[in-house]
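See structure below.
The values are calculated or read from the model by the stated rules, or taken from the named source; none is laboratory data. Small disclaimer: the values here were computed from a predicted structure and weren't measured. In this analysis, Cβ positions are derived from the backbone assuming ideal geometry, glycine residues included, and neighbour counts consider all displayed protein chains. Please note that ligands, DNA and RNA were not included when accessible areas were found on the heavy atoms of the full protein model with its side chains. Shrake-Rupley method; radii C 1.70, N 1.55, O 1.52, S 1.80 Å.
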Amino acid sequence: QVQLVESGGGLVQAGGSLRLSCAASGRTPGMGWFRQVPGKEREFVGAISWNLRTYYVDSVKGRFTISRDNAKNTVYLQMNSLKPEDTAVYYCATALRFAEATMSMSPNDYHYWGQGTQVTVSS
């Protein structure tokens with residue numbers, strides 16, 4: 001069982017920055033970040049694999065950066081140049097398979113989820 005706790009969400013003006021954190025209860029395999037707005041499906045944002053390879057959806061490339069601190073069992077999502085369309089609840093997620101496997105863009109492949117943190121970007 002892996003427990004994940006996100007933090008760092010909030011309200012920011014367009015062009016601003018936020019850093020989300022995802023603290024895990026133990027050693028973290030690969031970790032994914034997703035976001036969701038009401039009425040829409042959960043959307044893949046990016047991921048960092050067990051061997052530090054990163055993946056991003058095209059809409060956030062060059063603006064978002066995922067990193068991890070293994071000593072703290074924490075993964076970060078640095079979000080810069082935020083846009084109103086980035087407004088969503090952001091979730092981190094993982095699965096035991098990601099201790100070795102390539103990361104996935106499908107939320108169905110993730111078994112452990114954080115509670116989510118709201119990010120609101122005003123225009």
Local net charge near ASN108, Cβ-Cβ under 15 Å (Lys/Arg +1, Asp/Glu -1): -1
Contour excess over end-to-end distance, with Cα ends at SER106 and ASN73 and 0.36 nm allotted per residue: 9.6 nm
Solvent-accessible heavy-atom area per residue, rounded to whole Å², over the chain at 1.4 Å: 52 Å²
Neighbourhood charge, 10 Å Cβ-Cβ cut-off, centred on ASN80 and excluding it, Lys, Arg +1 and Asp, Glu -1: +2
Listed residue (TYR110, SER81, PRO38) projecting farthest to the positive dipole end of the chain, Cβ model: SER81
Cα-derived Rg over Rh, computed across the chain with Rh taken as Kirkwood radius: 0.94
Additional length obtainable on full extension of the chain from ASN51 to ARG63, 0.36 nm per residue less Cα span: 2.1 nm
Pair SER122, VAL5: separation of 7 Å Cα→Cβ label points (nm): 2.9 nm
Cβ-placed point charges (K, R +1; D, E -1), dipole of the range 26-116 about Cα centre in debye, nearest 20: 180 debye
Rounded percent of accessible protein surface that carbon and sulfur make up, the chain, 1.4 Å probe: 47 percent
Pair ASN80, GLN36: separation of 7 Å Cα→Cβ label points (nm): 3.0 nm
Candidates SER104, SER21, SER81: whichever shows maximal mean-square fluctuation once the chain is modelled as a Gaussian network with Cα springs under 10 Å: SER81
Two-decimal ratio, the range 84-123, of alpha-carbon radius of gyration to 2.2 N^0.38 Å: 1.45
